[in-house]
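The values are calculated or read from the model by the stated rules, or taken from the named source; none is laboratory data. Quick caveat: nothing in here was measured; it's all calculated off a predicted structure. Cβ: placed from backbone, ideal geometry, glycine included. Neighbour counts: every protein chain shown. To get the accessible areas, we keep the full protein, side chains included, count just its heavy atoms, and leave off ligands, DNA and RNA. Shrake-Rupley method; radii C 1.70, N 1.55, O 1.52, S 1.80 Å.
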Amino acid sequence: MARLFYLCILAGVVLTVLAAGVYPLPQHTRYRSMVSVVPDGGREEVFSMHWPQDRVQPLQAGRAGPIQQAGDLAQLSAADGASASAEIFRVRDVAGNVIGLASRSVTTVAGAAPDAGWVLLIPSRGTLFLGQQQRGDGAPAGGSVTGGTGEFAGLAGSYDEVRQTGKTAADGSSSGQIRLITRVQAAP
Amino acid sequence: MRILVAAAGLVVGIFFGALLLMLNPISLVQGTPAMLSGAVRVLAWESGGGFRGFELTPGGLFGLGSAAGRAAAFEDPALEHARVEIVALADDAGGPPVLGVRLSAIAPGNSLLQARLGTVAAWSLAWPGKGSVMLAGSENYWAPFRDGLWSAIRGRGFHPGHAHYQLPPLPRLEAPALVSGTGAFAGVRGSFREEYTPLAARPGDLTGSRQLSLATE
């Protein structure tokens, strides 16, 4: 009887460790990467966001603290009038599949054009960081790839930001699309 | 009688198996928090602001969402285990709060046998009027998970025992780093570490009260 008891203890230990080994921890759904090779080397990939349907609104009523909701932006203002804002989107590939999340943050700095940057998190692939340069007229134009992790690690390059605005609805709401056209290659 | 003995042996074995996993020596090797060098500023945040995505709880990390968690989760298959938070962080250097956006996802390669249970995260921190930084890193929640589970086994609910956890980065992923900066942070290099304090009022919540220690040089 004692032998049976000890054998079952051993079986319990083995079963537990095996169960931990085969337990299906979460894996991310991955769509085929829509990447094209550009003639002068490197690769091009387009990420798009449609508004209003791809906007993500995480602020929760009563819990926002000092963060204000200003239209589609989450905004934080300082006493001197300076402000920082953020907007968040779901990101799609060129086939229209939702593949990740993106945040665009803007900081106003006295006497200078606003600083802006994009963070794109593709859960199955990694993170891509983009730093924006404002055009003289203030409209976003594009900028450079400032870093990356996972599949985007060790890449350098540039991107263009293209905004296409649709018709304004009768209630004043608008729709449109933002396309981030990235061109990257291995960093030197 | 034989069935009772076998069942008792199996229960004891499962207990020892769970103990073996929790005291996994691998967790001691890879439990070292990220080292910081240079000037360190501490940014404190709680789960204020708001979030969308998976719940940062043991269930969420195991892919088991609660009813409340499912309401906040994304329906898109690729975002099932992703999360976005907007928070206002208090800067110990003084001044107005900092606007933080934290994008995170359950880390690839999580493994119970290797004491890896974490997330990858990307921060965008914006100081109104000063500039911004972008951070990339990962956190391993194994230590608070293990302590909370041990507390639950003893019938005390999921309450990690330590007052404060310095969350180590996940092995085989990039070290937590400052990726880029603008304004006052243009050209700076650095690293960061997230620290987690469990809140008694929210057992099982791995967001708790947080500190983000940002080192720049």
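Please tell me if B:Glu55 is within 19 Å of A:Gln57 (Cα to Cα), within 13 Å of the chain's Cα centre (by Cα) and of a type in the set (D, E, K, R). Don't jump to the end; show me each part of the working.
On the way: within 19 Å of A:Gln57 (Cα to Cα): yes; within 13 Å of the chain's Cα centre (by Cα): yes; of a type in the set (D, E, K, R): yes.
Criteria met by B:Glu55.
Every residue in segment B:10-30 that is surrounded by fewer than 17 Cβ atoms within 10 Å (Cβ to Cβ) and in a loop (DSSP other than H, G, I, E, B), please.
B:Leu23
Filter segment B:74-107 down to residues that are in a strand (DSSP E or B), acidic (Asp, Glu) and either within 7 Å of chain A (Cβ to nearest Cβ) or open to solvent by less than 10 Å² (accessible area, probe 1.4 Å) (or both), then give me how many there are.
Here the count works out to 1.
Among the residues of segment B:26-33, is there at least one that is farther than 30 Å from B:Val188 by Cα, within 13 Å of chain A (Cβ to nearest Cβ) and without any contact (Cβ under 8 Å) to a residue 12 or more places away in the chain?
Scanning segment B:26-33, I find no residue that is farther than 30 Å from B:Val188 by Cα, within 13 Å of chain A (Cβ to nearest Cβ) and without any contact (Cβ under 8 Å) to a residue 12 or more places away in the chain, so the answer is no.
When you scan segment A:50-68, how many residues do you find that are at pLDDT 85 or above, closer than 18 Å to B:Glu80 by Cα and touching a strand residue (DSSP E or B) at 6+ places or on another chain (Cβ under 8 Å)?
4
B:Leu43: more than 9 Å from every other protein chain (Cβ to nearest Cβ), under 23 Å from B:Leu173 (Cβ atoms), part of a strand (DSSP E or B) and in contact with a strand residue (DSSP E or B) (Cβ under 9 Å, 6 or more places away or on another chain), yes or no?
yes
Conditions first: (1) at pLDDT 95 or above; (2) open to solvent by 10 Å² or more (accessible area, probe 1.4 Å). A:Ala102 passes all but one, so which condition is the exception?
For A:Ala102, the exception is condition (2).
Write out, first by first residue and then by second, each pair whose Cβ atoms fall under 8 Å of each other, whose residues are 6+ apart or on separate chains, and whose first residue, in segment A:28-57, is free of Cβ contacts under 8 Å to residues at least 12 places away in the same chain while the second is open to solvent by 60 Å² or more (accessible area, probe 1.4 Å).
A:Val35/A:Arg43; A:Ser36/A:Arg43; A:Val37/A:Arg43
Give segment A:16-28 a look and list any residue that's more than 7 Å from every other protein chain (Cβ to nearest Cβ) and closer than 19 Å to B:Asn24 by Cβ, or say none. Step through it out loud before you land on a result.
From segment A:16-28, those more than 7 Å from every other protein chain (Cβ to nearest Cβ) are A:18-19, A:22, A:24, A:27; that's our starting set.
Passing the criteria: A:Leu18, A:Ala19, A:Val22.
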